[in-house]
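Coordinate-derived values only; no laboratory data. On a predicted model such as this, the values are computed, not experimentally measured, just so you know. Ideal geometry is used to build each Cβ from the backbone, glycine not excepted, and the neighbour counts take in all protein chains shown.
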Number of protein chains: 2
Amino acid sequence: MNEDVGDAAQTTSPVAIDGASPYGAGALFQILRDGRHRTRAELAAETGLARSTVTQRVDALLMSNLIGPADKGASTGGRPPTRFAFNRAARIVLAADIGATHVRAAVTDLTGGILAEAREEIAVEAGPEKVLGWVDTAGRELIAEAGRTLDDLLGVGVGLPGPVEHSTGRPVNPPIMPGWDGFDVQGYLHERFHAIVLADNDVNIMALGEHFTRWREAPHLMFIKVATGIGCGLISDHRLHRGAQGAAGDLGHIQLPRGSDVPCRCGNTGCLEAVASGAAIAAQLRESGIEARSSRDVVAWARSGSVQALQLIRQAGRDLGDVLAAAVSLFNPSVIVIGGSLAQAGDHLIAGVREAVYRRSLPLATQHLRIVRAETDDRDGIVGAAVMVIDHALSAAQVDKLVTPPR
Amino acid sequence: MNEDVGDAAQTTSPVAIDGASPYGAGALFQILRDGRHRTRAELAAETGLARSTVTQRVDALLMSNLIGPADKGASTGGRPPTRFAFNRAARIVLAADIGATHVRAAVTDLTGGILAEAREEIAVEAGPEKVLGWVDTAGRELIAEAGRTLDDLLGVGVGLPGPVEHSTGRPVNPPIMPGWDGFDVQGYLHERFHAIVLADNDVNIMALGEHFTRWREAPHLMFIKVATGIGCGLISDHRLHRGAQGAAGDLGHIQLPRGSDVPCRCGNTGCLEAVASGAAIAAQLRESGIEARSSRDVVAWARSGSVQALQLIRQAGRDLGDVLAAAVSLFNPSVIVIGGSLAQAGDHLIAGVREAVYRRSLPLATQHLRIVRAETDDRDGIVGAAVMVIDHALSAAQVDKLVTPPR
């Protein structure tokens, strides 16, 4: 069969290998990320790598501090430490979750554990200089509060309340973010923090945060945010599905099956967001003579027992459910998590969603489907922004670049 | 920082590692799959593996025949061969694409290259024993025709025209497949071929085939089949997105935005399939007194220039486009490939699709979106079924199991 050897095209789909050597220090680090302690000899046995190779890679990882000696007191004697494990305190991450009306920032360790956090009422409309300026100042304070320095910073993760081109971190025609269109968020923060900066829309980072925090066993998850607008983050096979332009999950401008001639700010009519968002419900309340300017007001009315507010939220849930029924047929998730301020108005929204999804989807796709409310502690965005940075910066390829080769 | 070392939870999403050692023979084989020739020394240098480890793994792969000596004449002397490469002729794959009215079977090499093929008119309604019986008989003949034996068989891939639970290979309530519900396709074929059997619905394997054959550079692709029914296969980040129950891509029963009270065989009304499938258009033609029993008849009328048939196909394209506009907002693909018999009726279907998608989707998602017709050579299903088996059976984990450890 020699004539057939060697001229074969690659048979698998060309999954990006991300430039990492499958046998480099970064790859060895991935093994150690499970937190178990290992000796050099165990690593050599486990991998088949030459002892000299293991020693070299372990030394590089030790110098980077990404792994540390795991033996009690081993570092006090003259003998080199013999067992190693992932050091989650090796670096810190600065995470910022920018919402329509407020900003959160936090410093986390390398497992997304929050070390210090802050929150400020700033409207995103105030513009990038004002909002990111606060992230700059608060970020430095939080790093100090955590007892660390800028040298420890692995990277900065930012969530923004509008479409973001993930590869460049620039907002793209963000409807509620005047002054942000095309703004170089990465450049602005990189100049100040001298570290990797990653930005994505708030819904994607909330999806990452929910998946990481509560649904790690669910391979396919949809996170829906219903607030001033409506958006969705998709997890496919445990990974964020961003789509070709990073525009995946744009649920708000899908046309409602029930038909509607309500004009939408996107220029079309009958979009989901035009009838079922917090802003749309507030407008409907105003038409009934009830004072409501924002989704927060809608939630307040619902909590005070306003029948009109509750009915409108229930109907918004049904409309959302009609669109989600199509999304369920297409994407077949195992979990749908409903978050955003409107989800905090009790169970009316989610009851409407369930009603429509279970009525309209095929039995196979809904037999094990769970539709749940997001936990209300509101940290999904922060945790997701941190996880986005950690997953990227601790990948094999990035660790290969990070580690200093031993002299 | 010793107190923080070693108790870290895993920070990344738990992507299934599939049981493979990242340093085993299977992992080494993945490097060689690019087709380049390498010596043992080059492999040791490239990987950092101990020379003894490389020799052991290369010997195992040589014994399995998955790699072969690449030096001209090196195998004739007494000296062991020094350079190795992927041997695409090492094994063969039997692929079967079962349609509503006919079955295709082919034998391929390990790059999906077709070595022998056959086609037979058998209705899937004839039942699993009849249809799979033909696959059994024809498969043996094709293997012989390719000059190979059952011992060479890596696995069998099967596409079926209905929902399939991928993990078990069993059809689940398949609407046009009486007698197939829950039938053990894997068991039936495994008993006859004694090899891995994988089954999936025809649309998923066509998506795999299109992606593999013509769109390997497109990370996110939607393949739409419009024939008797309507279905969709999703490629996310170069991989098939099957969803939680393997039910992803069930486009046919999404509710039309324009509203429709046409009853669907699923029990709901206004499903896409009830108005825009080949069967639905045939019914609409009959209502106008035009004889049409199947999507094939619809295509025949369109090709003969029937204005009514062309108008109905164009409208079907618009209806499909309205549903795809929502799918584009959700999934943000870079390519939509339209296939199935109705796509062969000229450009009317795809013109309607484009019209609706570009009218209804947001600019960001459509600025680089390509909507194209599937190539008509009709081999997507066969190639996809083969690729499904190859991607699975030549993965690092499966190769680890496949290779015989050297004595």
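Note on chain A: GNM, Cα springs under 10 Å; of A:Ser334, A:Ser295, A:Ser52, the largest mean-square fluctuation is that of A:Ser52. Judged by the gyration tensor of its Cα atoms, with axes a ≥ b ≥ c, segment A:217-377 is prolate; a/c meets the 1.5 cut and a/b is the larger of a/b and b/c. If you run the Gaussian network model on chain A, springs between alpha carbon atoms under 10 Å, then out of A:Gly243, A:Gly270, A:Gly112 the most flexible one is A:Gly243.
Using just its DSSP H runs of length 4 or more, each adding -39500 (n - 2.57), the protein assembly as shown gives a mean residue ellipticity at 222 nm of -11500 deg cm²/dmol after division by all residues. Taking chain B as the reference, fit the longest principal axis to its C-alpha atoms, fit the long axis of helix B:307-331 to the helix C-alpha atoms, and give the angle between the two in degrees, 0 to 90, nearest 10. Rounded to the nearest ten degrees, it is 50. Scalar couplings 3J(HN,Hα) for segment B:162-167, obtained by applying the Karplus form with A = 6.51, B = -1.76, C = 1.60 to θ = phi - 60°, are x, x, 10, 7, 4, 5 Hz; x denotes Gly and Pro. Mean per-residue shielding of peptide B:363-371 is 4, counting Cβ atoms of other chains within 10 Å of each Cβ.
Peptide B:269-276 has a mean shielding of 1, counted as Cβ atoms of other protein chains within 10 Å of each residue's Cβ. Peptide A:48-55 has a mean of 5 when you count, residue by residue, the C-beta atoms of other protein chains within 10 Å of its C-beta. A:Ile31 sits among other residues whose Cβ lies under 13 Å from its own Cβ, and their net charge, with Lys and Arg +1 and Asp and Glu -1, is +2. In terms of overall dimensions, chain B has a Cα radius of gyration and Dmax of 24.0, 83 angstrom. Here each label is just a point 7 Å from Cα along the line to Cβ, and for B:His194 and B:Arg214 those points are 4.0 nm apart.
From the square roots a ≥ b ≥ c of the eigenvalues of the alpha-carbon gyration tensor of segment B:134-227, which class results: rounded (a/c under 1.5), prolate (a/b over b/c), or oblate? Since a/c reaches 1.5 but b/c is at least a/b, the shape of segment B:134-227 is classed as oblate. Distances between equivalent label points of A:Ile290 across the copies, with each point positioned 7 Å along Cα→Cβ, amount to 5.2 nm, shortest listed first. Of B:Phe212, A:Phe223, the sequence from fewest to most neighbouring Cβ atoms within 10 angstrom is B:Phe212, A:Phe223. For the protein assembly as shown, the fraction of alpha-carbon pairs lying more than 36 Å apart is 51 percent, rounded to a whole number. With label points defined 7 Å past Cα in the direction of Cβ, position B:His194 shows copy-to-copy spacings of 6.7 nm, given to one decimal and shortest first. On a 0 to 90° scale, report how tilted helix B:348-360 is relative to the longest principal axis of chain B, with both axes built from alpha carbons and the result rounded to the nearest 10. Helix B:348-360 sits at roughly 90 degrees to that axis. Once the Cα atoms of helix A:51-64 and of chain A are each reduced to a long axis, what angle between those two axes, in degrees from 0 to 90 to the nearest 10, is obtained? So the inclination is approximately 50 degrees. Kindly put A:Trp134, B:Trp180 in sequence by how many other C-beta atoms sit within 10 Å of each C-beta, fewest to most. Fewest-to-most ranking of A:Trp134, B:Trp180: A:Trp134, B:Trp180. Distance between the pseudo-spin-label points of A:His368 and B:Ile31 (7 Å out from Cα toward the beta carbon): 3.8 nm.
Sorted from nearest, the other copies put their B:Arg119 label points 6.4 nm away, the label point being 7 Å from Cα in the direction of Cβ.
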